[in-house]
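Taking it in order: structure first as structure tokens, then the write-up.
The values are calculated or read from the model by the stated rules, or taken from the named source; none is laboratory data. This one's a predicted model, so the numbers in the text were calculated from it and none came from an experiment. Ideal geometry is used to build each Cβ from the backbone, glycine not excepted, and the neighbour counts take in all protein chains shown.
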Amino acid sequence: MDLDGLVLLERIDLIARMSAGDEMKNRDREVALVWISELVVEAKNIYLDGAGESCLHSLR
């Protein structure tokens, strides 16, 4: 895995940990989950040649 992939995974991990906190509002948690899904789609596109592109549309 290259540095860009590692940074992407670190971002996903950070957002997931932040959204798990009790002090986060439901709307903020919802936004965080959408952001995570977008980052995962980006990671799939990078490492699996576009295999996850259609996933994002089904989550919205």
Discussion item. Looking at the structure I just gave you, is Glu23 exposed (fewer than 15 other Cβ atoms within 10 Å of the Cβ) and not in a helix (DSSP H, G or I)?
Written reply: yes
Item to complete: Return the total of residues in segment 38-55 being under 14 Å from the mean Cα position of the chain (by Cα) and at pLDDT below 90.
Response: 8
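State yes or no: is Ser58 modelled with pLDDT under 85 and either of a type in the set (Val, Ile, Thr) or part of a helix (DSSP H, G or I) (or both)?
Numbers: modelled with pLDDT under 85: yes; either of a type in the set (Val, Ile, Thr) or part of a helix (DSSP H, G or I) (or both): yes.
So Ser58 passes the test.
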Practice prompt. Give me the pairs, please: first residue somewhere in segment 23-37 and over 16 Å from Ile12 (Cβ atoms), second residue anywhere and exposed (fewer than 14 other Cβ atoms within 10 Å of the Cβ), beta-carbon distance under 8 Å, and either six or more positions apart or on two chains.
Written response: Met24/Met18
Worksheet, complete the sentence: Note on Trp35: of the conditions (1) at pLDDT below 85; (2) surrounded by 13 or more Cβ atoms within 10 Å (Cβ to Cβ), unmet is (1)
